[in-house]
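The values are calculated or read from the model by the stated rules, or taken from the named source; none is laboratory data. Keep in mind that this is a model prediction, so the values were computed, not measured. Cβ: placed from backbone, ideal geometry, glycine included. Neighbour counts: every protein chain shown.
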Amino acid sequence: MPKKILVIGNGGRENAIIEALSISPQNPEIYNFGNALNPGIKKLSKKVIVGDYMNLDEVKKVAQEIAPDFAIVGPDDPIGIGATDVLLEMGIKSFSPTKKCAQLESSKSFTRNLCEKHDIPGQPQYLVSTDVSNSAEREKFYKKLEGQIVIKADGLLGGKGVLVAGEHFQSFQEVEDFALKSIEKFGRVVFEEKFIGEEFSLISIVDGTTVLDCPAIQDHKRAFEGDMGPNTGGMGCISDEHHALPFLTQEDLNQAHQITVQTMKAVKAETSEDFVGIMYGGFMVTKFGVKLIEYNARFGDPEALNILPILETDFVAVCEKAIEGKLSDIGTLKFKPVATVVKYLCPEGYPANSVKNKPIKIIDPSKIKNCYFASVSLEDNQLMLKGSRAIGILGTGKNLAEALADCNEKIKNFSGPLFHRKDIGTEALIDKRMQHMQKIRS
Ligand code: AMP
Ligand code: GLY
């Protein structure tokens, strides 16, 4: 009997997760529960159920019907409201953290307080403020750091919960307006020191005792070339042939790894639960070493598209070992020795005024290897734009230049009202990052 795996979520990330499962030598049967019919996922799944995965009764019903050997919850929202817990209560194991463990992503104050309590390096000076009337404590913190702060709403806001000094606000009044809204909505707001440096993501697969790192990646969050425009879920990501980034040292990666190991242990100490699944550390390498920006409790999107297609270790076995708490049996994760460049094709006008419900064309359908479908749907055999990031395209090569050329070639296979960031993965942008880092370190 083939193993049955239920994957919840229907974006590019879940398309990549399902592809990685589908090439397992164990030939599992894959079932998908998503909010829409993803054509990339449909091709690889035995059955796709469309419904509302934010409704935990629906999750339960689907899980009951399929009775999978294990599940994977892909997106942060269902993880944050306890989809894993519901599955576990039914006796279904899941490669995703419980609601308690996932506070690492869903609550910025949880993570900062946890890291401080356990003396974990890489933390900023910070303040958790809970009292709307205590403007004085917030202003004191703002002044102490000469306004060089970042403010974070204490809950999931789909990437809109963080304001950075110099980019999003100039005065304490603007800070205070946002702080009051966050306290009203979530009961708390977090103020923290603003770090200066280069950001990178280190995604690790964890089981509560073992941490296995994936390649380090840099995401490009701004919508437009030259890192201009509003923040998005991520326009594209790069990782070099050493599974690192040209501006990072091995010591930087070691520091990030150690922060994740210590944080995983702290979560266990605090919640008495093993964190099973993905700890995605957003880090910044600064003059004073590696600093923790935030944790996510799931694969990044598009980061999953850089990682999973080049994973050589059987992903089904990795998930099962993590669930059993025996991830150490895997040793290390093996990845193809290639560089990766991923870019998202987005509808014109994204993110503020996206073109929607317009068709896009695949010029040669036989050439869509390493293309991952996200906010598109198949309607009357026509691929339609649904308004958010549409198709993630992975290029690989023996170095970043070749990976970029491969990605650009694959992009030519799509036509329609689409755009992508042409500067991601270019020598010019990578040189800019290297020079920035040299300046910071000197
Ligand atoms: P997100 O939480 O992913 O919406 O994004 C937050 C973004 O804000 C990060 O990608 C950083 O660019 C920035 N950020 C968050 N915390 C800090 C910090 N302490 N110092 C500097 N930048 C930060
Ligand atoms: N690409 C950023 C994220 O998935 O959070």
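Values computed for the structure shown
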item: Test result for Lys108, crowded, with 17+ Cβ neighbours inside 10 Å and either within 16 Å of ligand 1 (Cβ to nearest atom) or closer than 22 Å to Ile293 by Cβ (or both); result: yes
item: Considering residues of region 124-156 that are of a type in the set (Asp, Glu) and assigned to a loop (DSSP other than H, G, I, E, B) only, the residue farthest from ligand 1 (Cβ to nearest atom); result: Asp131
item: Filter result for the condition that a residue is out of contact with any helix residue (DSSP H, G or I) (no Cβ under 9 Å at 6 or more places or on another chain), modelled with pLDDT of 95 or more and either closer than 24 Å to Pro215 by Cβ or charged (D, E, K, R) (or both), over Ile330, Ile310; result: Ile310
item: Selection from region 330-353 of residues that are more than 19 Å from Cys371 (Cα to Cα), part of a loop (DSSP other than H, G, I, E, B) and among the aliphatic types (A, V, I, L, M); result: Leu333, Ala352
item: Checking Lys221 against (1) within 16 Å of ligand 2 (Cβ to nearest atom); (2) buried (at least 20 other Cβ atoms within 10 Å of the Cβ); (3) not polar (S, T, N, Q), the condition it does not meet; result: (2)
item: Wholly within region 157-211, strands (runs of 3 or more DSSP E) carrying at least 1 residues that are closer than 20 Å to His436 by Cβ and within 20 Å of the chain's Cα centre (by Cα); result: 162-164, 198-206
item: Where a residue in region 143-169 is within 18 Å of Lys108 (Cα to Cα) and free of Cβ contacts under 8 Å to residues at least 12 places away in the same chain and its partner, wherever it lies, is within 16 Å of ligand 2 (Cβ to nearest atom) and in a strand (DSSP E or B), with Cβ under 6 Å and at least six apart; result: none
item: Matching residues in region 297-329 - criterion: being in a loop (DSSP other than H, G, I, E, B) and surrounded by fewer than 24 Cβ atoms within 10 Å (Cβ to Cβ); result: Gly300, Glu312, Thr313, Asp314, Gly325, Lys326
item: Lys361 vs. criteria without any contact (Cβ under 8 Å) to a residue 60 or more places away in the chain and assigned to a loop (DSSP other than H, G, I, E, B); result: no
